[in-house]
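Derivation of every value follows stated rules applied to the coordinates shown; laboratory data play no part. Predicted, not measured: the structure shown is a model, and the values here were computed from it. When we count neighbours, we look across all protein chains shown, and the Cβ atoms used for this are built from the backbone with ideal geometry, even at glycine.
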Amino acid sequence: MSGALYTTEILRLATSIPHLGQLDHRDAHVEKRSPVCGSRIAVDVRLDDKGRVAAFAQTVNACALGQASASILGRYVIARSAEELESVCAALAALLQGANDEVRQLPALNIFVAAQGHSARHASIRLPFEAAAEAVLMAARLRQAHAA
């Protein structure tokens, strides 16, 4: 483990993940696994009438970086739309690839700039946001299908 990569802040976030568990009533459930490192996350979402996240739950089995990412997601996800989550996903991927210096939509993610040189960790860091965006899109599609 690199001291620069696993900072005190990363470890603090990893131990304080909000919205752990499952929702009793959900609009969508998504499970994702990173084939690179084996990290896994499952997310449940329930949307409000505007298609934004009204309720969220997550189960996280990941390294400290994936857990820290899930912690940041848990603090951000409520009241977000699929478009907002997809935008953050893209900005996070660009940050990790070194294409940009910061995630303006969610500055807390800038803590992962130190992971740019550790490509094997990127999938675990992106996983929570990718799962949440996928779940919100799925929930929105399901609602549209039921409304038709």
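Placing a pseudo-label 7 Å from each Cα along the Cα-to-Cβ vector at residue 7 and residue 54 gives an inter-label distance of 3.7 nm.
Percent relative contact order of the chain, based on C-alpha pairs within less than 8 angstrom and at least six residues apart? Once divided by the residue count of the chain, the mean separation gives 29 percent.
Principal-axis analysis of the Cα atoms of the chain puts helix 64-76 at an angle of about 40° to the longest axis. Under the combined filter of DSSP loop state and at most 14 neighbouring Cβ atoms within 10 Å, segment 80-148 retains these GluC sites (Glu not before Pro): 102. Compute the long axis of helix 82-96 from its Cα atoms, compare it with the longest principal axis of the Cα atoms of the chain, and write down the angle in degrees, 0 to 90, nearest 10. With rounding to tens, the tilt is 10 degrees.
Residues whose amide H falls under 5 Å from that of residue 103, counting only those 5 or more places apart or on a different chain, are 110, with hydrogens built in the peptide plane.
Measuring r between the beta carbons of residue 144 and residue 94 and using R0 = 41 Å, the FRET efficiency lands at 0.90. GNM remark for the chain: springs join alpha carbons under 10 Å apart, and the peak mean-square fluctuation among 101, 44, 27 falls on 101.
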